[in-house]
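Reviewing the structure listed below.
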Amino acid sequence: MSDRLSELRTRIDDVDRRLLELLSERGRLVLEVGAFKHASNAPVLRPEREAQILRRLAERNPGPLPASAIASIWREVISACRELERRLRVAYLGPAGTFSEQAVIAQFGHGVEAVPCPSFDEVFRATEAGAVDFGVVPVENSTEGAVNRSLDLFLQTPLKICGERSIAVKHNLVTASGTMDGVTRICAHAQALAQCAGWLARNHPDVERVPVSSNAEGARLASVEPRTAGIAGDGVLERYDVKRVAEAIQDDPMNRTRFVVIGHHLCAPSGEDQTSLILSVPDRAGAVHALIEPLARHGVSMKRFESRPARQGGWEYYFYIDLLGHEQDPPVAAALAEIRAHAAFYKSIGSYPREVAPPRGVPAGAEARP
């Protein structure tokens, strides 16, 4: 048996050697591609190209490694090779340790510089100004719905959505001591407080709940104030001197937040895409039906329909719509041409590679992380 084990380990060592040679060869090829990009002033990152690579690998994966593991491994390979060309800077709602930072790493890998910003507004501003290459912002949560500030900012920005990423959201109650002794308030982002409202009402009904700028800020306060607890994900525990009081306190065990990547890049079709629009309609009967009727007629599926007040003093609304397909796909292009003709306001905020929906029934935090 020991001889067989020794033989297997020798074969693994040989595979590792060949993998290293192939990774080095891939890196050299990427540098050659980078030279062509530099000469033509082409972007370092093409999200549609990376999405195609990951989908192709998933289709060809013979096992035994699961598709999620293959995607995680190759995302880091792609990230490391991309960094040979240039290290991208990506803005997110900070400080370090937020789920937004986790979304950055899940989408881009570790070969980027994650740049924390104090607000969603600053993420948009930094990206618009070119201080960073891309930004990452949350747009909706499976429990609490839309992240309204992000939606409102899309009305004002020239930026486009370049990608999307769904993150499992697992919340922990944390304090400096690891107990709730003497704690009088719980500080966290308003969304996190809402996502844990039922658990908090059952377990700590008399403790004040205080919204702060982020969960990481709540954890930081908890680390220095004995009377303060925070709500935060596992990543925060690595950065602040806090301990878990309770784990996975979110009311929905399958709680997820959808993030989008924003930037100046216009994605070409990848084969599996999604298009996001902001629309408004004239104030007349049947206007909304007339607006979206071309989608059904041209066979275009609508994935999301969200309304937001126009905030102009009257009862007018903007509609945020996600469609399956790229705006260059003929059926989508035909439907959008008709919609544009009937809409009082029309804005495309991007066609981009669509993320495959995560499996239901997997509690937040239970799946393998990228």
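The values are calculated or read from the model by the stated rules, or taken from the named source; none is laboratory data. Here the structure is a predicted model, which means the values were calculated and not measured. Glycine also receives a Cβ, built like all others from the backbone with ideal geometry; neighbour counts cover every protein chain displayed. Calculation scope for accessible area: heavy atoms of the full protein, side chains included, ligands and nucleic acids excluded. Shrake-Rupley method; radii C 1.70, N 1.55, O 1.52, S 1.80 Å.
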Restricting to Cα pairs under 8 Å and 6 or more apart, the percent relative contact order of the range 1-154 works out to 17
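So, by mean Cβ neighbours within 10 angstrom, what's the order for 60-70, 178-188, 156-166 with the highest one leading?
By packing density, highest mean first, the sequence is 156-166, 178-188, 60-70.
So, with +1 on the Cβ of K and R and -1 on the Cβ of D and E, and no other charges, what is the size of the charge dipole of the range 52-147 about its Cα centre, to the nearest 20 debye?
Details: 9 positive and 12 negative charges, 96 e Å.
Charge dipole, the range 52-147, about its Cα centre: 460 debye, nearest 20.
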If the cut-off is a Cα-Cα distance under 17 Å, which lysines reach Lys243, setting aside same-chain residues fewer than 8 apart in sequence? Lys170
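Rounded to two decimal places and with Rh computed the Kirkwood way over Cα pairs, what is Rg over Rh for the chain?
Working: Rg = 23.0 Å, Rh = 22.7 Å.
Rounded to two decimals, Rg over Rh is 1.01.
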Just the Cα atoms of the range 67-125: what Rg and Dmax do they give in Å? 12.3, 36
Enumerate the amide H contacts of Arg209 below 5 Å, restricted to partners 5 or more residues apart or on another chain; note that Pro and chain-start residues carry no placed amide H. Ile186
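Just to check, using Stokes-Einstein with a Kirkwood Rh over alpha carbon pairs, what's the diffusion coefficient of the range 264-334 at 4 °C and 1.567 mPa s in µm²/s? Could the numbers behind the result be given before it?
Details: Rh = 13.5 Å.
Value of D from the Cα-based Kirkwood radius: 96 µm²/s.
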Run down the lysines and flag those whose C-alpha is under 16 Å from the C-alpha of Lys37, throwing out any fewer than 8 positions away in its chain. none
Show me, for the range 71-76, the HN-Hα J-couplings you get by feeding each phi into the Karplus relation (A = 6.51, B = -1.76, C = 1.60, θ = phi - 60°), rounded to Hz, glycine and proline as x. 4, 5, 4, 6, 4, 6
Dividing the mean separation of Cα pairs under 8 Å (6+ apart) by the residue count of the range 73-139 yields a relative contact order in percent of 40
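For the range 1-109, count all C-alpha to C-alpha pairs, find those more than 23 Å apart, and express that count as a whole percent of the total.
Roughly 44 percent, rounded to a whole number.
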Once you charge only the Cβ atoms, +1 for Lys and Arg and -1 for Asp and Glu, what is the size of the charge dipole of the chain about its Cα centre, to the nearest 20 debye? 240
Scalar couplings 3J(HN,Hα) for the range 336-346 by Karplus 6.51 cos²θ - 1.76 cosθ + 1.60 (θ = phi - 60°), nearest whole Hz, x for Gly and Pro, are 5, 4, 6, 4, 4, 5, 9, 7, 6, 9, 9
So which lysines can Lys347 reach, going by Cα to Cα under 29 Å and dropping same-chain residues fewer than 8 places off? Lys160, Lys303
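Which net charge results for the neighbourhood of Ala333, defined as the other residues with beta-carbon distances under 13 angstrom from its beta-carbon, given Lys and Arg at +1 and Asp and Glu at -1?
On the way: positive: Arg340; negative: Asp273, Glu327, Asp329, Glu338.
Around Ala333, the surrounding residues sum to -3.
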In Å², what does the accessible area per residue of the chain work out to with a 1.4 Å probe? 50
